[in-house]
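Data first, discussion second: the structure below is written as structure tokens.
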Protein chains: 2
Amino acid sequence: VIAPPRSGSLVVTIDTIVEGVDFDLASTRAASVGHKALACNLSDIAAMGCRPVAATISVAAPPRVTQEVLRRVFRGMSRLADRFGVDLVGGDYSASPRDFVISVALYGETAGLRPLRRSGARVGDAILVTGALGGSILGRHLRFTPRVEEGLLLNRHYRIRSMIDVSDGLSIDLHRLSRASGVGAVIDADRIPISGAARRLARTTGRTALEHALGDGEDFELLFTAAPREAERIVGDGRLRVPVSIIGRVTRRGCLLRDDAGRERPLAPAGWEHELRAD
Amino acid sequence: VIAPPRSGSLVVTIDTIVEGVDFDLASTRAASVGHKALACNLSDIAAMGCRPVAATISVAAPPRVTQEVLRRVFRGMSRLADRFGVDLVGGDYSASPRDFVISVALYGETAGLRPLRRSGARVGDAILVTGALGGSILGRHLRFTPRVEEGLLLNRHYRIRSMIDVSDGLSIDLHRLSRASGVGAVIDADRIPISGAARRLARTTGRTALEHALGDGEDFELLFTAAPREAERIVGDGRLRVPVSIIGRVTRRGCLLRDDAGRERPLAPAGWEHELRAD
């Protein structure tokens with residue numbers, strides 16, 4: 001039983017992480033697995049500009065996952081929950097034959113604000129992103145801080161038109177935002193914030209750091225749009241504890257990448273894709 | 001984004017079903033799998049005497065599970081949701097290496113009522129159960145109707161002191177209710193409603209029909225307590241579309257089974273147990 005929202009509506013999300021897909025228990029601290037399971041849900045609520053409140057957890061674990069491992073998973077989850085004032089209110093444990101699967105359902109409240117959606121972008125909006133992108137696989141995907149405070153701050157103080165979190169890759173999540181809003185986008189290659197990890201990764205993969213920033217995913221940064229003048233104010237806001245970059249502009253149709261020379265080419269929706277294509 | 005409860009608090013639950021543990025795709029219609037995934041959550045909300053409102057679904061599926069199978073799973077879930085006025089508001093799809101795992105998180109509202117808990121049983125209460133128990137594995141575990149209407153009716157019209165749903169077996173769930181309430185229980189063997197399926201099963205398993213009724217689990221009936229006079233009124237309530245039986249009485253301590261001859265023996269908490277023992 002949880003208290004109803006103090007004001008406004010309720011937001012809900014669910015996300016699952018699976019061993020062998022989202023983490024590897026052999027090479028990952030169990031506490032980090034718990035952190036990630038909750039953090040990717042917190043990122044979803046952050047991208048709505050809402051406040052997370054309570055979570056329920058469901059674990060399906062095979063016999064090889066010991067109680068001690070599960071305790072550590074819970075500890076990682078619990079630490080992150082405390083940090084954001086989220087109550088872990090209940091859950092369910094089930095045996096599984098082989099795979100280790102953790103589902104978290106997270107409830108939030110709109111906190112007197114309008115929940116942000118993917119669908120509000122308007123032609124002429126600036127496109128912004130928090131933090132730096134790419135190379136998350138080198139470690140950040142297990143340790144990232146979900147942008148809960150930033151999402152709330154942006155929603156409270158600015159007219160954010162649309163927002164999504166970068167979970168599967170900048171290019172694919174930009175496509176999603178564009179499709180949901182019925183618009184297009186042009187982003188500038190030289191304005192995309194490329195992480196140090198993306199540059200390090202590029203040395204060994206044969207792909208460019210830009211490609212990693214566009215397609216790696218699991219950045220869990222916020223990708224959003226606002227009117228150009230609003231965007232300038234956001235970039236200059238000292239209260240935001242993470243850098244924000246203007247990377248492009250909303251257009252009528254098509255998702256394009258503009259290179260240093262000003263040439264535009266279609267932006268392929270590259271990135272991690274395990275969505276079910278319904279048709 | 002979902003509307004907040006019209007009155008009172010919010011109740012939340014999460015439950016997961018796993019292929020090879022809770023269902024077998026080779027011998028089960030996919031729609032029944034979807035039905036079960038949602039129905040066991042509805043049963044949890046029913047046991048709180050609350051009204052289910054909205055659900056989020058998370059699926060982790062290996063490559064062998066086709067889109068057509070997933071569509072049928074969803075259809076089974078969707079049909080049941082419609083029947084109880086539940087919105088399927090969102091979800092998440094993830095690839096898994098080998099196991100097929102479905103998690104459903106369900107949100108409900110207290111509907112102006114007090115949510116029922118396992119912890120309110122008082123010494124002297126009658127112990128009641130809906131329906132008939134045992135042998136669910138012969139088919140009912142995939143087809144059962146969660147006792148949502150009964151839970152609401154009981155909570156609205158009677159002083160129900162404590163309630164739980166029989167998910168893992170009458171004896172184990174009675175132990176849980178007793179432990180949560182800090183009381184004991186005596187149930188009468190000859191008053192336990194034994195299903196036809198339990199009797200059929202007993203012909204081949206070498207166990208008695210009573211043993212099946214006590215330990216099989218997945219009955220998803222309501223097990224609850226009320227003052228004796230209240231219990232008599234409930235049994236006679238023509239609005240309940242399922243039979244209700246008084247099977248015993250709440251005592252100070254210990255869970256006992258009384259046989260036909262009046263002899264009492266300890267009731268072992270037999271049943272399906274895949275709870276994590278925390279210590």
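The values are calculated or read from the model by the stated rules, or taken from the named source; none is laboratory data. Model, not experiment: these values are computed from the prediction. We place every Cβ from the backbone using ideal geometry, glycine too, and count neighbours over all the protein chains shown.
Assorted remarks:
- Exactly one residue out of B:ASP87, B:ASP99 is at pLDDT 95 or above, over 16 Å from B:PHE23 (Cβ atoms) and within 12 Å of chain A (Cβ to nearest Cβ), and it is B:ASP87.
- Hey, B:LEU106 buried (at least 18 other Cβ atoms within 10 Å of the Cβ) and within 21 Å of B:ILE45 (Cα to Cα) or not: yes
Okay, residues lined up against (1) surrounded by fewer than 17 Cβ atoms within 10 Å (Cβ to Cβ); (2) under 29 Å from A:LEU70 (Cβ atoms); (3) at pLDDT 95 or above:
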position	(1), (2), (3)
B:ALA202	no, no, yes
B:HIS212	no, no, yes
B:GLY217	no, yes, no
B:GLU221	no, no, yes
B:THR225	no, no, yes
B:ALA231	no, no, yes
B:VAL250	no, no, yes
B:GLU275	yes, yes, no
B:ALA278	yes, yes, no
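- Considering region A:234-248, and only residues there that are over 20 Å from the mean Cα position of the chain (by Cα) and in contact (Cβ under 8 Å) with a residue 40 or more places away in the chain, the residue that is surrounded by the fewest Cβ atoms within 10 Å (Cβ to Cβ) turns out to be A:ARG239.
- The set of residues in region A:50-70 being more than 19 Å from the chain's Cα centre (by Cα) and part of a loop (DSSP other than H, G, I, E, B) consists of A:PRO62, A:PRO63, A:ARG64, A:VAL65, A:THR66.
- A:SER78 of a type in the set (S, T, N, Q), more than 13 Å from chain B (Cβ to nearest Cβ) and within 16 Å of the chain's Cα centre (by Cα): no
- Residues that are in contact (Cβ under 8 Å) with a residue 24 or more places away in the chain, in a helix (DSSP H, G or I) and under 18 Å from B:VAL18 (Cβ atoms) occur in region A:33-49; there is at least one.
- Of all residues in region A:8-33 being of a type in the set (Ser, Thr, Tyr), touching a strand residue (DSSP E or B) at 6+ places or on another chain (Cβ under 8 Å) and farther than 20 Å from B:VAL101 by Cα, the one that is modelled with the lowest pLDDT: A:SER9
- Residues that are more than 13 Å from chain A (Cβ to nearest Cβ) and either free of Cβ contacts under 8 Å to residues at least 24 places away in the same chain or surrounded by 24 or more Cβ atoms within 10 Å (Cβ to Cβ) (or both), drawn from region B:18-32: B:ALA26, B:SER27
- Residue selected from region A:128-140 under the condition touching a Lys or Arg at 6+ places or on another chain (Cβ under 7 Å) and buried (at least 24 other Cβ atoms within 10 Å of the Cβ), by the criterion nearest to A:ALA231 (Cα to Cα): A:THR130
Residues are listed down the side, and each one gets a yes or a no for (1) surrounded by fewer than 23 Cβ atoms within 10 Å (Cβ to Cβ); (2) over 17 Å from the mean Cα position of the chain (by Cα); (3) within 14 Å of chain B (Cβ to nearest Cβ); (4) not polar (S, T, N, Q):
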{"site": "A:LEU116", "(1), (2), (3), (4)": "no, no, yes, yes"}
{"site": "A:TYR158", "(1), (2), (3), (4)": "yes, yes, no, yes"}
{"site": "A:VAL166", "(1), (2), (3), (4)": "no, no, no, yes"}
{"site": "A:THR208", "(1), (2), (3), (4)": "yes, yes, no, no"}
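- None of B:ALA227, B:ALA198, B:ALA213, B:ALA180 is in contact with a strand residue (DSSP E or B) (Cβ under 9 Å, 6 or more places away or on another chain), over 23 Å from B:ALA46 (Cα atoms) and aliphatic (A, V, I, L, M) except B:ALA198.
- A:LEU174 vs. criteria outside any loop (DSSP other than H, G, I, E, B), touching a Cys at 6+ places or on another chain (Cβ under 7 Å), modelled with pLDDT of 95 or more and surrounded by 23 or more Cβ atoms within 10 Å (Cβ to Cβ): yes
- Test for B:ASP15: is it of a type in the set (Asp, Glu) and at the interface with chain A (Cβ under 7 Å from one of its Cβ atoms): yes
- Meets criteria (under 20 Å from B:LEU152 (Cβ atoms) and within 13 Å of chain A (Cβ to nearest Cβ)) for B:ILE57: no
- Filter result (under 16 Å from B:VAL166 (Cβ atoms), part of a loop (DSSP other than H, G, I, E, B) and of a type outside the set (Phe, Trp, Tyr)) within region B:118-153: B:ALA121, B:GLY131, B:ALA132, B:GLY134, B:GLY135, B:THR145, B:PRO146, B:ARG147
- Considering residues of region A:177-193 that are of a type outside the set (Asp, Glu) and surrounded by fewer than 21 Cβ atoms within 10 Å (Cβ to Cβ) only, the residue farthest from A:TYR158 (Cα to Cα): A:ALA189
- So A:ARG122, is it touching a strand residue (DSSP E or B) at 6+ places or on another chain (Cβ under 8 Å), within 17 Å of A:ARG176 (Cβ to Cβ) and within 14 Å of another protein chain (Cβ to nearest Cβ): no
- Every pair of residues 6+ apart whose Cβ atoms lie under 7 Å, when the first sits in region B:180-205 and is more than 25 Å from B:PHE144 (Cα to Cα) and of a type in the set (S, T, N, Q) while the second is at pLDDT 95 or above and assigned to a strand (DSSP E or B): B:SER181/B:SER162
- Hits in region A:1-12 (condition: at the interface with chain B (Cβ under 7 Å from one of its Cβ atoms) and outside any strand (DSSP E or B)): A:VAL1, A:ALA3, A:PRO4, A:PRO5, A:SER9
- Selection count, region B:214-246, where residues are under 21 Å from B:VAL183 (Cβ atoms) and part of a loop (DSSP other than H, G, I, E, B): 2
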